[in-house]
Amino acid sequence: MIRHIVLTKFRVDVTEETIGAIYKGLADVSKALPGASAFTGGRSESPEQIERGYMHGFVIDFDDWAALEAYQNNETHKALGAQLVENAVGGIDGILVLDLEV
């Protein structure tokens, strides 16, 4: 299984409603694609408070690398990814992506 982890440092003017809409769209994409499951996303509530500005994130599990590739090539995912970049501090510099084989 591949765990896809995305952390975002959103600009201060981006509302929780905007973030929620982007995350809902990503959740819908993950539900529609074979091999994708367990979308979880939201704002950090960590008592450690060491997010360093990356206050929002999401995780999606994929059965294998091919399922992750199908997600990455999905047109709706690409459009939502562009919204993440548009709303992140410094564009792509405000986004961290980790893909772990678990």
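Every number here is computed from the coordinates shown, using simple stated rules; none is lab data. All values derive from a computational prediction rather than experimental measurement. No Cβ is skipped: glycine too gets one built from the backbone with ideal geometry, and neighbour counts run over all protein chains shown.
Structure above, values below:
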item: Karplus (6.51, -1.76, 1.60) ³J(HN,Hα), θ = phi - 60°, over the stretch 20-28, in Hz, Gly and Pro reported as x; result: x, 5, 5, 5, 4, x, 5, 4, 5
item: Restricting the stretch 10-65 to trypsin sites (Lys or Arg not before Pro) in coil, as DSSP defines it, with at most 15 other Cβ within 10 Å; result: 11, 52
item: Rel. contact order, % - alpha carbon contacts under 8 angstrom, at least six apart, the stretch 2-101; result: 47
item: Value at 222 nm in deg cm²/dmol, rounded to 500, when DSSP H runs of n ≥ 4 in the chain each add -39,500 (n - 2.57); result: -12000 deg cm²/dmol
item: Only Lys, Arg (+1) and Asp, Glu (-1) charged, at Cβ; the stretch 53-93 dipole about Cα centre in debye; result: 180
item: Residue order, fewest to most surrounding Cβ atoms within 10 angstrom, among 14, 102; result: 102, 14
item: Options 20, 39, 2, ranked by Cα towards positive dipole end of the stretch 2-101, top entry (Cβ charges); result: 20
item: Cβ charges +1 (Lys, Arg) and -1 (Asp, Glu), total dipole of the stretch 1-80, debye; result: 160
